[in-house]
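The values are calculated or read from the model by the stated rules, or taken from the named source; none is laboratory data. Remember, predicted model here, so these are calculated numbers, not experimental data. Don't worry about glycine lacking a Cβ; one is built from the backbone with ideal geometry, like all the others, and counts go over all protein chains shown.
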Amino acid sequence: MKPVRIVSGRAVPLDRSDVDTDQIIPSEWLKRIERTGFGAGLFAEWRDDPGFVLNDPDHAGATILVAGPNFGTGSSREHAVWALVDHGFSAVVSPRFGDIFRNNSTRSGLVPAEVSDADGRALLEAVSADPSLEVVVDVERRLVEAPGVGISAPFRLDDDARDRLLRGLDDIGVTSQHLADIDAYEGRRPTWLPTLRPRRQASA
Amino acid sequence: MIGPEQGLTQPGMTIVCGDSHTSTHGAFGALAFGIGTSEVEHVLATQTLPQRRPRTMAVTVGGDLAPGVSAKDVVLAVVGRLGTTGGVGHIVEYRGSAIRSLSMEGRMTVCNMSIEAGARAGMIAPDEVTFAYLEGRRYAPKGADWERAVEDWRALTTDEGARFDAEVKLEAGSIRPHVSWGTNPAQVVAIDGRVPSPDDMASPAEREAAARALAYMGLEAGTPITSIEVDTVFIGSCTNSRIEDLRAAADVLRGRRVRKGLRALVVPGSRRVKLQAEAEGLDQVFREAGFEWRESGCSMCLGMNPDQLSPGERCASTSNRNFEGRQGRGGRTHLVSPAVAAATSVAGRFATPAGLGA
């Protein structure tokens, strides 16, 4: 994964709460087995509406999504993250994220910037008023800034997730450094726990 | 469905799967939660998953459930109380006499919908009901191993006087059968209630969400829930398609008919449930009432196969999510229990079994 230090660019305001992952990418897209090409299905139902904010040419090429509270709730589908990334987003700003969505985001280098309700509202309004507004998501300082309108909002992101984003670490590589500990732990597994291999049935 | 049936799901285990309803297994006192594709990859490669210690939440449902009130109604009431993100960052332990009184099937229904309140996992401490369910299942321990396992499992309870990061209490006696009216699972109301008005909501965001939900659902504030007509009834999903759910629905349908013009389908959660139901003659009850008796699977819960709603079609569904488009583009989903789903199929509008009369 590439390190992510700063995401800057224009933003799209998605002024709705409780945007679940079924809205971000509907289930009909889940039959594909690639990780790419999901951008075309992003917010599929809403994209049919010419008035939907993502269809507004003023917002074309934006890299930051500013959403209402409770973004990414529901289904664990990581396709939601892939769709956002494939569409061109590198960061999502919201006052609250679904837990699984937040975890999935950082694994694809999408920054989930969890701001306060008041800052979230201020950013939504600023970006709606001026689609050309420059927004900066700074992972190292954990700040969302819009210097043009004087917004500087701290965001929550746990230390591990921040560190992995900044260093572009591969999670499996990091864990593999502890394989000896994992083997030792597995050696202590109680005998009564089921195994993947079915117990041999008495043969006739 | 299959993990518990086969005895693969056992108390004290850690279970992850690329499905947010993995929390269902928490009914056995297992720590079980949904993960994304990259995390699945991590588990397959290393057999581990780095986690931060979550916060704890106790949801206590004290007292006794009234007749006709099911596990589904309990969890809809809980989600309604917590909201869609009230449980974020937490693992919930469900406790109290009403939870203890539930069968394993009912406990699975409750834990299943933990994610609908934002909690990745929900758990219930194992007890005699758990052990009785597990004993003799294919992958459950046998003989001396069984004795040792049960002894170990008995220790998996919360200490007396333990402190939780958050606590929520509900009185079982005040929970009535629930119906969702909106487009997220926290937008619920008792079946004898009315569609709420956006003006009743506490925050501007909730008012906005409620107004949007009413427009999508084609409902007007103040409408009595029992006057809302439905086009389709779906009984199925990992929330409510176990044998007990099918029995509850069949009990309502015996000697009754699905209302003319209404589409009704019942989809057992697993092959084993399907065979058990057929052995009990439940398939006949459903067929005679006018239900389609289908092969096991997810079906109309999430509309990945052709079982979908058309735009504007209204469905009483025993599934877990009433999101926009969840059951098909433009479809309108109302979450209910199996008994309410069955009664609704007969009445053609939301109804309880008691509301059908003799």
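Would you check which residues across the range B:121-153 are over 26 Å from the mean Cα position of the chain (by Cα), more than 9 Å from chain A (Cβ to nearest Cβ) and not small (Gly, Ala, Ser) and list them?
Selection gives B:GLU147, B:VAL150, B:GLU151.
From the residues in the range B:37-74 that are more than 30 Å from B:GLU171 (Cβ to Cβ) and among the polar types (S, T, N, Q), which one is farthest from the other protein chains (Cβ to nearest Cβ)?
Out of the qualifying residues, it is B:GLN51.
Listed residues A:ARG142, A:ARG121, A:ARG102; which is under 24 Å from B:GLN51 (Cβ atoms) and more than 14 Å from the chain's Cα centre (by Cα)?
Just one listed residue meets the conditions, A:ARG142.
Name every residue in the range B:326-340 that is more than 9 Å from chain A (Cβ to nearest Cβ) and either at pLDDT below 95 or at positive phi (or both), in order of residue number.
Passing the criteria: only B:GLY328.
Can you name the condition, by its number, that A:ALA80 falls short on among (1) hydrophobic (A, V, I, L, M, F, W, C); (2) crowded, with 24+ Cβ neighbours inside 10 Å; (3) in contact (Cβ under 8 Å) with a residue 40 or more places away in the chain; (4) touching a strand residue (DSSP E or B) at 6+ places or on another chain (Cβ under 6 Å)?
Here A:ALA80 meets the rest and fails (4).
Run B:MET104 past the list (1) within 14 Å of another protein chain (Cβ to nearest Cβ); (2) in contact (Cβ under 8 Å) with a residue 60 or more places away in the chain; (3) within 19 Å of B:THR9 (Cα to Cα); (4) aliphatic (A, V, I, L, M) and report the number of the one that doesn't hold.
Only one criterion is unmet by B:MET104, namely (1).
Kindly indicate whether A:GLY9 is over 27 Å from B:GLN51 (Cα atoms) and either surrounded by 24 or more Cβ atoms within 10 Å (Cβ to Cβ) or touching a residue at least 60 places away in the same chain (Cβ under 8 Å) (or both).
For A:GLY9, the condition - over 27 Å from B:GLN51 (Cα atoms) and either surrounded by 24 or more Cβ atoms within 10 Å (Cβ to Cβ) or touching a residue at least 60 places away in the same chain (Cβ under 8 Å) (or both) - is met.
Given the criterion closer than 13 Å to B:ILE235 by Cβ and surrounded by 18 or more Cβ atoms within 10 Å (Cβ to Cβ), identify the matching residue among B:ASP283, B:ASP251.
One residue alone meets the criteria, B:ASP283.
I need a count of the residues in the range B:279-309 that are within 14 Å of chain A (Cβ to nearest Cβ) and either in contact (Cβ under 8 Å) with a residue 12 or more places away in the chain or of a type in the set (D, E, K, R) (or both).
Of the residues in that region, 10 qualify.
Within the range A:12-59, restricting attention to residues that are of a type in the set (Ser, Thr, Tyr) and free of Cβ contacts under 8 Å to residues at least 60 places away in the same chain, which residue is farthest from B:THR37 (Cα to Cα)?
That would be A:SER17.
When the range A:15-56 is examined, which residues are found to be at the interface with chain B (Cβ under 9 Å from one of its Cβ atoms), in a helix (DSSP H, G or I) and of a type in the set (Gly, Ala, Ser)?
A:SER27, A:ALA44
Tell me which residues, restricted to the range B:107-138, are closer than 18 Å to B:VAL16 by Cα and either of a type in the set (S, T, N, Q) or in contact with a Pro (Cβ under 6 Å, 6 or more places away or on another chain) (or both).
The answer is B:THR109, B:ASN112, B:SER114, B:GLU116.
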